[in-house]
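What follows is calculated from the coordinates using simple rules that are stated; it is not laboratory data. Note that the structure is predicted; figures quoted are calculated from it, not measured. Cβ coordinates were reconstructed from backbone atoms using ideal geometry, including for glycine residues, and neighbour counts include every protein chain displayed.
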Amino acid sequence: MTRSTDRSMNVAGPMGATTWAIAEGYIPSGSTGPEPAMTSHETACLLNTGDADAHVEFTVYFSDRDPIGPYPVIVPARRTVHVRFNDLEDPVPIPLDTDFASVIRSDVPIVVQHTRLDSRQAENALLSTVAYPISGGS
């Protein structure tokens, strides 16, 4: 198979859903190893296979306080964007050492994968799973 930037090669079209949930999240305050690569983090990997940019909003939920957000992100057409929850700062930073969950909404179908790197100790832990699709898309 040869590589092509021709739009006709996009046989998949838009894939995924417009609303996703990640029911768990936790950003440790401590890390071991060089920054930023080994900084403990939560990441949402967003894939947009469609021909239109995806306008995405993150809302973060807690057990003991009101939700925060939205955090807007644009995923260009036929691209992927990896969003570290650690880097979400507007309207407010995600608190460290605090359990949270998130809902991710997009105006076009996208695919969302959740990844966590916990580097609090030298033996790092990496978790990755597809988020839960709630609605929309194919």
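For the pair HIS82 and ASP51, a Förster radius of 22 Å applied to the C-beta separation gives a FRET efficiency near 0.55, rounded to the nearest 0.05. The HN-Hα couplings worked out from phi for the range 52-64 by the Karplus form 6.51 cos²θ - 1.76 cosθ + 1.60 (θ = phi - 60°) are 10, 4, 9, 9, 10, 10, 9, 10, 10, 10, 10, 7, 10 Hz, whole numbers, x standing for Gly and Pro.
Would you mind ranking LEU46, LEU88, LEU96 by Cβ crowding within 10 Å, fewest neighbours first?
Working: LEU46 25, LEU88 21, LEU96 12.
By the 10 Å Cβ count, ascending: LEU96, LEU88, LEU46.
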